[in-house]
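Notes follow once the structure below has been shown.
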Amino acid sequence: MTLYEQFGIQPVINLWGTATQYGGPLLSPDVAEAMAEAGQHCARPEDIQAAASRYLTKLSGAEAGYITCGTFSGLMLGAAACLAKLDLKRMEQLPDTSGMPNEFILSRYQRCGWDRAIRAAGGRIVEVGVNERLIGAARGVEAWEYEEAITEKTVALVFIGFSWNARIREEVEKLVALGERHALPVLLDAASAATPLTNLRQIVESGVALASFSGGKGLRGPQNSGFILGKKELIASAALQHLDMVGSPTAWTPPAELIPSGAVAHQPRQGIGRGMKVSKETMMGLLVRIKNVAEHGLEEENAAMDAKLTRIADTLRDLPDLELVLFNRSADGGGETPTMELRLGKGYRAGGICTALKKGSPSICVNEKKIPENIITITAMNLPDTLLESVQSRLRRVLLEAHAG
Ligand SMILES: *Cc1c(COP(=O)(O)O)cnc(C)c1O
């Protein structure tokens, strides 16, 4: 009986991959070990953060770095930093932004649940552009549309990047150029862009003032971890609004590399980020994971996932009306988590199959994003060898039963 079952919880097999709604990825052994060891010693969070900043700046070329409990919290801290900078009165006032600039400009195409992070800090989203996807228009949001929205209340330009590639880079650089003309920072949601790690340097070089990454996605660090990279002043502001501040001011000695001495005249009170604290175990787990990935790469782990997907494909290949397509294969250079699409023919209903997989035992959860296209996507990220056979046979049985013939 698993620990979960002892408490009446039915564990699931998360073939989606990193999806939080199914528990995120399995903890990789190196992270589990690091977290257990970190829990055997105490250290000041600000000292761990200063070390993290040292490591992350060396890796990425950023001015500073800081560990958060995920992309959302990094964006919220980043927004709070853009709003308050090093102004103690403003820090104390957030998320109430009356009397201070509070507008964040965002493309209408990029409005999504994640911009809640900016609003939670007290920011107001100003939408620009016209969403013409519905009519198949080729025009995205253009630079002049961002520019026209800039007023004296503008705090930052926001870009929800999600991943990182040449097209996104080009768009971000255009926004950075515009921001520079108006002395405005660009805030980037780079949730899934932490792998490959070579992205980090490119993202910093693009000139964004602050980028927020998830540690629990392709990186497979602790599920509730992430980090931000950016300008020293913004990271200092984020730290001032995140670290615990109840201690006596006479004993308040934050490391100067994180919060330059004289950056603020007094020790702030608990900030808007205090509810998003990160444990020493999580911080050390993430640091060790980033170091391991930097030193050894993800090729071996990805190749093992690739091999498992191939074995699943082998047991499904003879099913009628089904096309199997593998992506990010190790043989093609990999770099990202291998995935497999089950492209279902007319005899199948993807939605019904997902429900049947979820309801049965073992409960299997798959990526449901392409259900409207009758496609189911899976990864082998969270599939230990011991479960491979039962997943293979259940996938086969459910598909056979679901096929209308
Ligand atoms: C996953 C995701 C987030 C949230 O990441 P967490 O680390 O879970 O907070 C934010 N933005 C985008 C675009 C994402 O894909």
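Numbers at a glance
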{"item": "Projected label distance in nm at Glu148 and Glu132, using a 7 Å step from Cα toward the beta-carbon", "result": "1.3"}
{"item": "For the chain, built as a Gaussian network whose Cα springs stay under 10 Å, the top-fluctuating residue of Ser248, Ser192, Ser390", "result": "Ser248"}
{"item": "Counting all C-alpha pairs of the stretch 2-60, share separated by more than 19 Å (%)", "result": "59"}
{"item": "Mean-position separation - Cα centroids, the stretch 308-346 and the stretch 34-86, in angstrom", "result": "37"}
{"item": "Counting DSSP beta bridges with both ends in the chain, the antiparallel % (nearest 5)", "result": "55"}
{"item": "Accessible area (Å², per residue) of the chain, counting only protein heavy atoms and a probe of 1.4 Å", "result": "47"}
{"item": "Charge-dipole axis of the chain as Lys and Arg at +1 and Asp and Glu at -1 on Cβ define it, positive-most pick from Val278, Gln241, Leu134", "result": "Leu134"}
{"item": "Cross-link pairs Lys85/Lys231; Lys346/Lys370; Lys280/Lys308; Lys232/Lys277; Lys58/Lys291; Lys85/Lys153 - those with Cα-Cα distance over 22 Å", "result": "Lys280/Lys308"}
{"item": "Extension reserve of the Thr355-Glu300 stretch, reckoned as 0.36 nm per residue once the Cα distance is removed", "result": "16.5 nm"}
{"item": "Computed FRET value (nearest 0.05) for Thr386 with Cys42, which takes r as the C-beta separation and R₀ as 22 Å", "result": "0.05"}
{"item": "The stretch 218-320 - Rg over Rh from alpha carbon coordinates, Kirkwood radius", "result": "1.23"}
{"item": "Spin-label pair Arg317/Glu257, simplified geometry with 7 Å Cα→Cβ offset, distance in nm", "result": "5.3"}
{"item": "Heavy-atom accessible surface of the stretch 139-231: percent carbon and sulfur, 1.4 Å", "result": "50"}
{"item": "Relative pair counts by distance (%), Cα atoms of the stretch 178-240, 10 Å bins", "result": "22, 49, 26, 4"}
{"item": "Segment Arg54-Gln267, length gained on full extension (0.36 nm per residue, minus Cα span)", "result": "74.4 nm"}
{"item": "Solvent-accessible area, 1.4 Å probe, carbon plus sulfur percent, for the stretch 1-81", "result": "59"}
{"item": "Percent accessible area from carbon and sulfur atoms, the stretch 272-405, protein chains only, probe 1.4 Å", "result": "51"}
{"item": "Estimated inter-spin distance, Leu324 and Asp244, nm [label 7 Å along Cα→Cβ]", "result": "5.1"}
{"item": "The chain: Rg to Rh, with Rh as the Kirkwood radius over Cα pairs", "result": "1.00"}
{"item": "Where only C-alpha atoms are counted, convex hull volume of the stretch 1-124 per residue in Å³", "result": "208"}
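The values are calculated or read from the model by the stated rules, or taken from the named source; none is laboratory data. Bear in mind that the values here come from a model prediction, so they are computed numbers and not experimental data. With ideal geometry, Cβ positions are generated from the backbone for all residues, glycine too; neighbour counts draw on all protein chains shown. Surface accessibility is based on the protein's heavy atoms, side chains included, excluding ligands, DNA and RNA. Shrake-Rupley method; radii C 1.70, N 1.55, O 1.52, S 1.80 Å.
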